[in-house]
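A.B. asks: The structure follows.
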Amino acid sequence: MIKVLIVEDSLIAQQLLTQILNCDPEITVIGTASDGAEALKFLSRSKPDVITMDFHLPGDNGLTVARQIMETKPVPIIIVSATWSDDQFSRAFELMDAGAVGTIRRPAGPGHPDYEPLAAQLRQLVKSMSEIKVVKRSARFKSKSPQSAQIPALGQKVVAIGASTGGPPVLATILGSLGAHYPFPILVVQHIGGVFLDGLVSWLKTKCALPIEVGNEGTILQPGHVYIAPDGLHMGVKQRDQIFLSHAQPDHGVKPSADFLFRCVADTYGARAIGILLTGMGCDGAEGLDIMHKKGAVTIAQEQQSCAVFGMPAEAIRLGAAQFVLVPEKISQALIAHAANHKQ
């Protein structure tokens, strides 16, 4: 049985979420809290498997509460909110940086056309996130990787990145460190619900100097531009540095897929590419990174302690697909050093 704590200051919202979750025989709501103090007090005596939490909490805001939880008794936190503005998207991704692992729009209530689909999505997200083994936030992003990477300058032309659960703050760390004059186009697959995609793009624009946009059919890759795969479509690249989008079946249950992107990059660029696989559930991207590696590309996986979820990088490492295993800061350092060597 998956035990859930609901942190929400609205009594009506508490009741709605309790009703939605308790109707699944595999889930039980073991408590509710109206603010951060109540949530932390509850955690001192009980251990839920998952916490759902709104951003807006009286007294302490959601960011403060999430940090306190992840620094003391880490539990997978899902951000649940009824409305999403640009400001709230920004808060959601900051909460992910604090340790939250998922986001979803709260159903409006029975009778609304979106109620049943969103309720089902919420229950499924709770089940998926309950499988995550989170670590104390103080241990993440502060780990000292003993390994650094000197990427050989072998005519690389493109960087391909795959990420899932916990990916947005890692992308912000890496992309935000590259500066405005990074010379190579960057293709990104980030598993994220469609309603959050534009918010992710807007938020990343506040974190880095590179131009960021959603990839479109026929777009010609430009130096130093970041292209994020659209929701519900695979993104690839073909000859003449041209993006294409595909309605092909999901890979490993996801679309867009990092595996699809990595395969296309391997076919088009071979050794002239860099592949990076970041935090995420499941195994998407591992086989594609292995293909890139076998074609001579430089391949990197994120180091375990810096991952919100180690599933995808762990699978790549198991396959022998990753030449380097690095924390996010050292990934960006390696990319910067490679770009400098490439100019020489």
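A.B. asks: Criterion first (within 21 Å of GLN302 (Cα to Cα), in contact (Cβ under 8 Å) with a residue 24 or more places away in the chain and more than 18 Å from the chain's Cα centre (by Cα)) does VAL189 satisfy it?
C.D. replies: No.
A.B. asks: Restricting to the stretch 154-170, and then to whatever is part of a loop (DSSP other than H, G, I, E, B) and not hydrophobic (A, V, I, L, M, F, W, C), can you tell me which residue is surrounded by the fewest Cβ atoms within 10 Å (Cβ to Cβ)?
C.D. replies: Here is the first cut: in the stretch 154-170, the residues part of a loop (DSSP other than H, G, I, E, B) are 154-157, 164-166.
Then keep just the ones that are not hydrophobic (A, V, I, L, M, F, W, C); that gives 155-157, 164-166.
On the way: GLY155: 11, GLN156: 21, LYS157: 17, SER164: 23, THR165: 25, GLY166: 27.
Restricting to residues being part of a loop (DSSP other than H, G, I, E, B) and not hydrophobic (A, V, I, L, M, F, W, C), the top hit is GLY155.
A.B. asks: Which one is nearest to ILE274 (Cα to Cα) among residues in the stretch 299-344 that are of a type in the set (D, E, K, R), touching a residue at least 40 places away in the same chain (Cβ under 8 Å) and assigned to a helix (DSSP H, G or I)? Don't jump to the end; show me each part of the working.
C.D. replies: Of all residues in the stretch 299-344, those of a type in the set (D, E, K, R) come to 303, 315, 318, 329-330, 343.
Narrowing the set further to residues that are touching a residue at least 40 places away in the same chain (Cβ under 8 Å) leaves 303, 329-330, 343.
Subsequent filtering for residues that are assigned to a helix (DSSP H, G or I) retains 329-330, 343.
Working: GLU329: 16, LYS330: 15, LYS343: 16 Å.
Step by step, filter the stretch 299-344, then rank; the result is LYS330.
A.B. asks: What's the total number of residues in the stretch 282-298 that are more than 19 Å from the chain's Cα centre (by Cα) and not in a helix (DSSP H, G or I)?
C.D. replies: 4
A.B. asks: Please indicate, with yes or no, whether at least one residue in the stretch 53-64 is closer than 18 Å to PRO107 by Cβ, surrounded by 15 or more Cβ atoms within 10 Å (Cβ to Cβ) and among the small types (Gly, Ala, Ser).
C.D. replies: No, because not a single residue in the stretch 53-64 is closer than 18 Å to PRO107 by Cβ, surrounded by 15 or more Cβ atoms within 10 Å (Cβ to Cβ) and among the small types (Gly, Ala, Ser).
A.B. asks: Determine if the stretch 33-49 includes at least one residue that is at pLDDT 95 or above and within 21 Å of THR279 (Cβ to Cβ).
C.D. replies: Looking through the stretch 33-49, at least one residue is at pLDDT 95 or above and within 21 Å of THR279 (Cβ to Cβ).
A.B. asks: Do you know which residues across the stretch 318-344 are farther than 16 Å from ALA163 by Cβ and β-branched (Val, Ile, Thr)?
C.D. replies: Once the filter is applied, which keeps residues that are farther than 16 Å from ALA163 by Cβ and β-branched (Val, Ile, Thr), the stretch 318-344 yields only ILE336.
A.B. asks: Out of the stretch 108-136, which residues are within 13 Å of ASP49 (Cβ to Cβ) and surrounded by 15 or more Cβ atoms within 10 Å (Cβ to Cβ)?
C.D. replies: Scanning the stretch 108-136 gives LEU125, VAL126, LYS127, SER128, MET129, SER130, ILE132, VAL134.
A.B. asks: Can you tell me which of LYS47, LYS73 is free of Cβ contacts under 8 Å to residues at least 40 places away in the same chain and among the charged types (D, E, K, R)?
C.D. replies: Of LYS47, LYS73, the one residue that is free of Cβ contacts under 8 Å to residues at least 40 places away in the same chain and among the charged types (D, E, K, R) is LYS73.
A.B. asks: For the stretch 67-83, which positions are at pLDDT below 90, surrounded by 18 or more Cβ atoms within 10 Å (Cβ to Cβ) and closer than 24 Å to GLY194 by Cβ?
C.D. replies: Across the stretch 67-83, the qualifying residue is only SER81.
A.B. asks: Sort out which residues of the stretch 221-240 are among the β-branched types (Val, Ile, Thr) and out of contact with any strand residue (DSSP E or B) (no Cβ under 6 Å at 6 or more places or on another chain), and write them in order of number. Working first, answer last.
C.D. replies: Restricting attention to the stretch 221-240, the residues satisfying the condition of being among the β-branched types (Val, Ile, Thr) are 226, 228, 237.
None - no residue of the stretch 221-240 is among the β-branched types (Val, Ile, Thr) and out of contact with any strand residue (DSSP E or B) (no Cβ under 6 Å at 6 or more places or on another chain), so the list stays empty.
A.B. asks: Okay, next question. Does THR279 satisfy the criteria of being polar (S, T, N, Q), part of a loop (DSSP other than H, G, I, E, B) and in contact with a strand residue (DSSP E or B) (Cβ under 7 Å, 6 or more places away or on another chain)?
C.D. replies: yes
A.B. asks: How many of the residues in the stretch 234-251 are surrounded by fewer than 17 Cβ atoms within 10 Å (Cβ to Cβ) and of a type outside the set (D, E, K, R)?
C.D. replies: Total satisfying the criteria: 8.
A.B. asks: Further question: When the residues of the stretch 84-93 are narrowed to those that are in contact with a helix residue (DSSP H, G or I) (Cβ under 6 Å, 6 or more places away or on another chain) and buried (at least 18 other Cβ atoms within 10 Å of the Cβ), which ends up farthest from PHE196 (Cα to Cα)?
C.D. replies: PHE93
A.B. asks: What are the pairs, 6+ residues apart or on separate chains, where a residue within the stretch 97-126 that is more than 29 Å from ILE174 (Cβ to Cβ) and not assigned by TED's automatic domain parsing to the domain that holds GLY194 has its Cβ under 7 Å from a residue that is small (Gly, Ala, Ser) and assigned to a helix (DSSP H, G or I)?
C.D. replies: Close Cβ pairs satisfying both conditions: ARG106/ALA13; PRO107/ALA119.
The values are calculated or read from the model by the stated rules, or taken from the named source; none is laboratory data. Remember, predicted model here, so these are calculated numbers, not experimental data. Cβ: placed from backbone, ideal geometry, glycine included. Neighbour counts: every protein chain shown.
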